[in-house]
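One structure below.
The values are calculated or read from the model by the stated rules, or taken from the named source; none is laboratory data. Because the structure is a prediction, the values reported are computed rather than measured. So basically every Cβ, Gly included, is an ideal-geometry build from the backbone, and we count neighbours across all protein chains shown.
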Amino acid sequence: MSDTAIVASGSSPYQSNSAIVRAASAVKNRLVIIVPYLWLLFFFLVPFIIVFKISLSQSAISMPPYTPAFDLSGGIGGFWSLVKQLSFDNYVWLTQDALYFNAYVSSLVIAGISTVLTLVVGYPIAYGMARAPATLRPTLLMLVILPFWTSFLIRVYAWIGILKPEGLLNQLLQGLGLINEPLIILNTHTAIFIGIVYSYLPFMILPLYSALEKMDYSLIEAAQDLGCKPIGAFWKVTFPLSIPGVVAGCLLVFIPAVGEFVIPDLLGGSQTLMIGRTLWNEFFNNRDWPVASAVAIILLLVLVIPIMIFQHVQARSQEQGR
Amino acid sequence: MVNKAFWLAATSALATLISVSAYAQERVVNVYNWSDYIDSSIITDFTKETGIKVVYDVFDSNEILETKLLAGGSGYDVVVPTANFLSRQISAGVFQKLDKSKLPNLTNMWDVVSERTAKYDPGNEYSINYMWGTVGLGFNKKKVEEALGTDKIDSWDIVFNPEKLAKLSDCGVYFLDSPTDVIPSVLRYLGLDPESTKAEDLAKVEEVLLKVRPYVRKFHSSEYINALANGDICMAIGWSGDVFQARDRAVEAKQGVEVGYVIPKEGAEMWFDQMAVPADAPHLEEAHAFLNYMMKPEVIAKSTNFVYFPNGNKASQAFVNKEIFEDPAVYPTPEVLDKLFTVSPYDTKSQRQVTRLWTKVVTGQ
């Protein structure tokens, strides 16, 4: 189609015709974009609006357990009177108890530390994979994805067996005579970090690998020819070129880690306060769907706003770079 | 050759179609019960006797069940919530009244239990007791004796008195992560009304729990079964039948772990798991057939023999294994039964206070 457009626009007798073709091509381009937009509309915006609406409701002993539950039997007038019952009380409630603020902060801190640790562990692995012989790379890639073939839950349970006081790790260390008393790792923050780093490592390695693999290694040879030491060449050439991979990997680890529920529940101790647990308590123990929804909406804002700012800044710096 | 292959494919597709429609005519009942809570031969026997197929699905917390029920359209015909959850779900309109004319086996039920469940479900209009039990103390006999010099435990004092609990801290203590089970027990230990939601009473509970908190390794509602059985911990506040399961697993493992269960002398909370039919249940006739079958004395006794929880069926007691029926930790003696208490569901405001108190105790925030 676009070929036709180019040919057609070349000669004047077909002028009017080419405008139609161009318009058709523009519509087609739009249609291609519409698919991801529809996806976002149905799987992000619509659920978001539903959750937002529940967050403005009040909890009640009924099915569903909040009021007003919108049904359209009352016509437009009835609908409007229901809209008027909505309020921001639940958001005010969240500011009145320091619990929620502390839970958000502690989740962000735990996710932040875990992301840095995952990057530190994942980068050398991705680098090694990218520099491996081309024939070996598909196998290495396969090995990174391999753990996904076992249930995530079972893999986290396996860590209980490894980390517990009478577990494999302590038996090994005591057998080697390195420690006398078993290390208490399970049910501490350390266990949560180990669990998150282990579970999310592939999400860090894959984008890093794809960034590093595309890199032109003659650039490093050039840097070394010009007298740069290997470490200097890494920080001046390799790392800056891999930054898109670093950013993608960090976001892929950080965002799910903030809302993580299963790993802290199984590996962490009871004292670990995370927003996923707080949300669970509101939803299941207090049966307060509206407050739980408000917690979820705030969590979304806490995550989305910094990411949007970050993308904005990055886009601008790229433009300046040109 | 091609022709033959085509006909083969077509006939097999047709055969599948026919078997699918036959399946649709089959009578089915969808049951949603707690995990590890039935002798599975009961289900196959029921199908053999009635021709009704049972689709049996399991959950592991009241909260999960409740959320599915409140969202509506769960598709289940029989569900088994605990009584205090059931009570609130009845007022939310989740269940329908049972058709007692289809439940002739109701005459087998035990008044000791029915009287108490009527507190949650007046007149037992919506539900039938499946199993019941107590909230007590499960412990590792050998480790407790090493730490305390005795394995005779008979009071809540061992877990709610910080000086005593400190001695068990090293060998491991778990509490149920369930405010509705632990808080009434503390109130009873303090000599207060276990159902109290008064602010000053709850403040006293908070004080007790914060003092013993440093010696509790974890708050969790199911991990303690394996932890007790493996000897990883020496003391747990737990549900009776779960502790008996731990005891059995320990015996099977042959690692020399001996698990005991005690109903503290101050008294303990009694809970009831109740079978009920959701208002939108698609197979009413089959649901009632299933409920009636579960009230047959020899059937429900089989379940008790399997899970070690007492049931609310008087006629079944003749079929329950002697060592289970005569074990006062499972079927308490009349004197102990008198000291057991029940707790009504909290209203929304009290529930929030209790959850908040619990979060403070568990996380220190």
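Given the residues A:Phe284, A:Phe239, which is the only one that is surrounded by fewer than 23 Cβ atoms within 10 Å (Cβ to Cβ), free of Cβ contacts under 8 Å to residues at least 40 places away in the same chain and within 14 Å of chain B (Cβ to nearest Cβ)? Exactly one residue qualifies, and that residue is A:Phe284.
In this structure, A:Pro264 qualifies as in contact with a helix residue (DSSP H, G or I) (Cβ under 8 Å, 6 or more places away or on another chain), closer than 25 Å to A:Arg155 by Cβ and either within 13 Å of chain B (Cβ to nearest Cβ) or crowded, with 22+ Cβ neighbours inside 10 Å (or both). All of B:Val336, B:Val299, B:Val320, B:Val354 fail the test of being more than 22 Å from B:Ser87 (Cβ to Cβ) and not assigned by TED's automatic domain parsing to the domain that holds B:Gly123, apart from B:Val336.
Suppose we filter B:Gly312, B:Gly231 for residues that are of a type in the set (Gly, Ala, Ser), outside the structural domain of B:Asn124 (by TED's automatic domain parsing) and touching a residue at least 60 places away in the same chain (Cβ under 8 Å); which single one remains? Of B:Gly312, B:Gly231, the one residue that is of a type in the set (Gly, Ala, Ser), outside the structural domain of B:Asn124 (by TED's automatic domain parsing) and touching a residue at least 60 places away in the same chain (Cβ under 8 Å) is B:Gly231. Against the numbered list (1) modelled with pLDDT under 95; (2) within 30 Å of B:Gln255 (Cα to Cα), B:Gly136 comes up short only at (1).
For every residue, the table says whether it meets (1) in a loop (DSSP other than H, G, I, E, B); (2) without any contact (Cβ under 8 Å) to a residue 24 or more places away in the chain.
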| site | (1), (2) |
| --- | --- |
| B:Val31 | no, no |
| B:Ile38 | yes, no |
| B:Ile42 | no, no |
| B:Lys48 | no, yes |
| B:Val58 | no, no |
| B:Leu65 | no, no |
| B:Ser87 | no, no |
| B:Gly93 | yes, no |
| B:Lys97 | yes, no |
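Sort out which residues of segment A:267-285 are farther than 21 Å from A:Leu299 by Cβ and either among the aromatic types (Phe, Trp, Tyr) or in a helix (DSSP H, G or I) (or both), and write them in order of number. Residue satisfying the conditions is A:Leu267 alone.
Considering B:Lys119, B:Lys102, B:Lys143, the condition of being within 19 Å of B:Ala166 (Cβ to Cβ), over 16 Å from the mean Cα position of the chain (by Cα) and touching a residue at least 40 places away in the same chain (Cβ under 8 Å) is satisfied by B:Lys143 alone. The condition (being out of contact with any His (no Cβ under 7 Å at 6 or more places or on another chain), in contact (Cβ under 8 Å) with a residue 12 or more places away in the chain, buried (at least 22 other Cβ atoms within 10 Å of the Cβ) and within 22 Å of B:Val259 (Cβ to Cβ)) is satisfied by just one residue among B:Leu148, B:Leu168: B:Leu168.
Is it true that A:Ile192 is in contact with a Ser or Thr (Cβ under 8 Å, 6 or more places away or on another chain), part of a helix (DSSP H, G or I) and either of a type in the set (S, T, N, Q) or surrounded by 12 or more Cβ atoms within 10 Å (Cβ to Cβ) (or both)? Here the answer is yes, as A:Ile192 does meet what is asked. Across segment B:111-129, the qualifying residues are those that are outside any strand (DSSP E or B) and touching a strand residue (DSSP E or B) at 6+ places or on another chain (Cβ under 6 Å), and the one among them that is farthest from the other protein chains (Cβ to nearest Cβ) is B:Val113.
Can you tell me which residue among B:Thr348, B:Thr304, B:Thr355 is within 14 Å of chain A (Cβ to nearest Cβ) and buried (at least 18 other Cβ atoms within 10 Å of the Cβ)?
B:Thr355
Restricting attention to segment B:190-228, and to residues there that are touching a residue at least 40 places away in the same chain (Cβ under 8 Å) and among the β-branched types (Val, Ile, Thr), which single residue is nearest to the other protein chains (Cβ to nearest Cβ)? Looking at the filtered set, the residue picked out is B:Val216.
Within segment B:75-90, being over 19 Å from B:Glu286 (Cβ atoms), under 18 Å from the mean Cα position of the chain (by Cα) and more than 8 Å from every other protein chain (Cβ to nearest Cβ) holds for B:Pro81, B:Thr82, B:Ala83, B:Asn84, B:Phe85, B:Leu86, B:Ser87, B:Gln89.
As for segment A:295-302, it holds at least one residue that is farther than 16 Å from A:Ile255 by Cβ, buried (at least 17 other Cβ atoms within 10 Å of the Cβ) and either within 14 Å of chain B (Cβ to nearest Cβ) or modelled with pLDDT of 80 or more (or both). For segment B:55-74, a residue qualifies if it is away from chain A (no Cβ under 14 Å) and in contact with a Phe, Trp or Tyr (Cβ under 6 Å, 6 or more places away or on another chain), and exactly one does: B:Asp57.
The residue list A:Leu208, A:Leu169, A:Leu173 contains one member that is in contact with a Gly (Cβ under 6 Å, 6 or more places away or on another chain) and part of a helix (DSSP H, G or I), which is A:Leu208.
Annotation: of all residues in segment B:43-54 being in contact with a helix residue (DSSP H, G or I) (Cβ under 9 Å, 6 or more places away or on another chain) and surrounded by fewer than 18 Cβ atoms within 10 Å (Cβ to Cβ), the one that is farthest from the other protein chains (Cβ to nearest Cβ) is B:Glu49. Please specify each residue of segment B:269-312 satisfying the condition of being of a type outside the set (D, E, K, R) and in a strand (DSSP E or B). Within segment B:269-312, B:Met270, B:Trp271, B:Phe272, B:Gln274, B:Met275, B:Ala276, B:Pro278 qualify. Criterion first (touching a Phe, Trp or Tyr at 6+ places or on another chain (Cβ under 9 Å) and of a type in the set (Phe, Trp, Tyr)) does B:Phe309 satisfy it? Here the answer is yes, as B:Phe309 does meet what is asked. For segment A:92-125, residues that are of a type in the set (Gly, Ala, Ser) and within 11 Å of chain B (Cβ to nearest Cβ) total 3.
Scanning segment A:121-150 for residues that are assigned to a loop (DSSP other than H, G, I, E, B) and surrounded by 10 or more Cβ atoms within 10 Å (Cβ to Cβ) yields A:Ala132, A:Leu136, A:Thr150.
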